[in-house]
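For reference, the structure discussed in these notes is given below.
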Amino acid sequence: MPSGSIFMTPGVLRDLKTEATYDIPADLRVHPVGSLVTYTLAAPRTVGSITRGLAGMTIANSAVDDEAGRLIPLSAALRGAYPERTRVRFYGTPDEVSGVDALGPVIGTPARRVDVVDLTESAPADLSDLGVSIEQDAEDKSDFPRNQLYYHVGPETAWTTRIHTCTALAMWSRTAGISYLSHADSNTPSKRIADHMTEFFTDVLKAGAVLSTPGELSIVLFTAEDTLVGRATSVQSVLGALNHLGATHTRAFYDHARCHIAGPDDAVVVSAGAAPRVLLCYADHMERLLYLYTFRGERNVRDLLVEVLKSAEPNREFESKAYPAAKKARSQGDEQLYRLLVALVGLTEEDAAEQWG
C-alpha cells in the first residue's frame with residue numbers, strides 16, 4: 001500500500017513519494033491533519049481505504065526512514081527504546097514519530113514463541129484456590145468473584161483464564177520476587193495497561209534489579225493463534241502500552257517479550273518465586289502427557305505420567321491417547337506404566353490383551 005499524510009484538512013491526502021493529492025470521502029475523515037497513513041484508491045482521485053501508520057521502516061540514529069527516503073525524528077520519549085536497525089510500524093506526522101510498534105510484526109514468530117506449560121501438575125477444579133483472580137479491565141464478566149482484581153502487581157500468586165480473543169500479559173522479576181498480570185481485550189486502554197506496567201518496573205528497579213541481566217525478567221504474552229493476526233486486537237492493546245512507558249522500560253520489554261499460544265481453558269499463573277506458567281485443566285494435562293510420552297518419550301515425562309496415573313480415576317474417554325502410549329510402554333518392557341494405562345481406561349489386563357492386542 002502506498003504511504004501518505006493527511007494534508008491541510010481531514011478531507012485531503014498527499015502521497016509521500018509523488019506528492020499527489022487525493023480526496024478523502026466523508027466516512028474516512030477520522031485521522032487528524034498531519035497523520036502518517038497507508039492508503040488505497042477507490043477511483044483515480046478518491047481514497048478507498050486508510051490505515052493509520054506506516055509499516056516496514058527502520059530505526060536509525062533516533063529517527064525512522066519513511067518511504068520517501070527522509071528521516072523522521074523519534075519523539076524524545078521513544079529515543080533509545082529500541083535497538084538500531086529495528087524494523088517497525090510507526091505513527092505520527094512527517095515532523096515526528098509519536099508511536100512505534102516493533103513487536104507486533106515479530107511476536108508470533110518462532111524466535112519469540114515459548115511453551116510455558118507446567119507439566120508437573122494440572123489446574124485445580126476450583127481455580128480460585130490458586131489465589132487472586134485477574135479479569136478483563138471492563139465490566140465484570142467473571143464467574144469467579146472471590147479475590148477478583150483487574151491488575152496484579154506484587155508477590156502474591158495470581159491467575160487468569162478464558163483466553164479466547166483476549167491477551168494476558170504476565171511479567172516476573174527474579175530479584176524483586178514480584179509479578180505482574182493483566183487480561184486485555186481489544187477495547188482495553190493501552191495507557192491504563194502502561195500505568196500498571198510502570199508500577200511493576202518501578203518496584204523492580206527499587207528492589208535492585210538490573211533489567212538487562214539475563215534471566216532477570218520473564219515477560220510473556222498469552223493469546224490465541226488467530227488473535228496475533230490483525231491490528232485491532234487485544235495484542236495491539238497490550239503492545240500499544242509500550243508507547244506510554246519510559247524508554248528504559250520499553251527496551252527491557254522489547255528485549256524479553258515472548259509469546260505463548262494459550263487455550264481458553266488454560267490457567268495463566270504468576271507468583272513471587274517462578275516465571276509465568278500455564279496450568280492445564282486435568283483432561284488436557286493428561287492428554288498432553290500421554291502425547292509427549294508416546295511421540296517424544298523423555299524420561300521425565302514418563303515419570304510425571306506415572307505419578308499422575310497413580311491417582312487417576314478410570315475414564316474411557318482417554319482410550320484413544322492411552323492405547324498408543326500403552327503399546328509403547330509394553331514394547332519397552334515398562335510393565336508399571338502399561339498396567340497404569342490399562343487401569344486409566346477402566347480395563348482389566350485380560351480385556352486390554354484382547355482389545356489392544
Find how much the distance from MET1 to ALA232 grows on full extension, using 0.36 nm per residue of separation minus their present alpha carbon separation; answer in nm with one decimal.
81.3 nm
Given a 10 angstrom Cα cut-off, can you work out which residue in SER182, SER190, SER320 is the most mobile in a GNM of the chain?
SER320
Length gained when the stretch SER98-LEU149 is fully extended (0.36 nm per residue, less Cα-Cα span)
15.2 nm
For ASP129 the rounded accessible area (nearest 10 Å², probe 1.4 Å, non-protein molecules ignored) is 110
Separation of the ASN315 and SER62 label points, Cα + 7 Å toward Cβ, nm
5.9
Once fully extended, how much extra length lies between LEU71 and ARG258, figured as 0.36 nm per residue of separation less the alpha-carbon to alpha-carbon distance?
64.3 nm
Residue list for the range 217-246, given a label point 7 angstrom along the Cα-to-Cβ vector of THR202 and an amide N cut-off under 19 Å
241-246
Hey, what's the Kirkwood Rh for the range 1-105 if you take every pair of different alpha carbons, in angstrom?
13.8
Rg and Dmax [Cα atoms of the range 231-289; Å; Rg one decimal, Dmax integer]:
15.1, 43
What one gets for the range 163-260 as the Kirkwood radius, inverse of mean 1/r over different Cα pairs in Å, is 13.4
What is the Rg over Rh value, at two decimals, for the range 89-202, using alpha-carbon atoms and the Kirkwood definition of Rh?
1.01
If Rh is defined by the Kirkwood formula over all Cα pairs and Rg also comes from Cα, what ratio Rg/Rh do you get for the chain?
1.10
Highest-MSF residue in the chain out of SER311, SER98, SER186 [GNM, Cα springs under 10 Å]:
SER311
The answer for the net charge of residues other than ASP303 whose Cβ lies under 13 angstrom from its Cβ, with Lys and Arg +1 and Asp and Glu -1, is 0
Mean-square fluctuation maximum in Gaussian network of the chain, Cα pairs under 10 Å, restricted to GLY131, GLY11, GLY240, hits GLY11
Peptides ranked, highest mean first, by Cβ atoms within 10 Å: ranges 194-205, 209-220:
194-205, 209-220
Sequence gap at least 6, Cα distance under 8 Å: using those rules, report the relative contact order of the chain to the nearest whole percent.
13
Could you let me know the centre-to-centre spacing of the range 176-198 and the range 213-281, using Cα atoms, in angstrom?
10
Give the accessible surface of the chain per residue, rounded to a whole number of Å², with probe radius 1.4 Å and ligands, DNA and RNA excluded.
46
Förster radius 45 Å - calculated FRET efficiency between THR18 and ASP265 (Cβ-Cβ, nearest 0.05)
0.30
The range 253-345, Cα convex hull volume normalised per residue, Å³:
133
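The values are calculated or read from the model by the stated rules, or taken from the named source; none is laboratory data. All figures in this text were calculated on a predicted structure; none of them were measured in a lab. Note: ideal-geometry Cβ built from the backbone for every residue, glycine included; neighbour counts use all protein chains shown. To get the accessible areas, we keep the full protein, side chains included, count just its heavy atoms, and leave off ligands, DNA and RNA. Shrake-Rupley method; radii C 1.70, N 1.55, O 1.52, S 1.80 Å.
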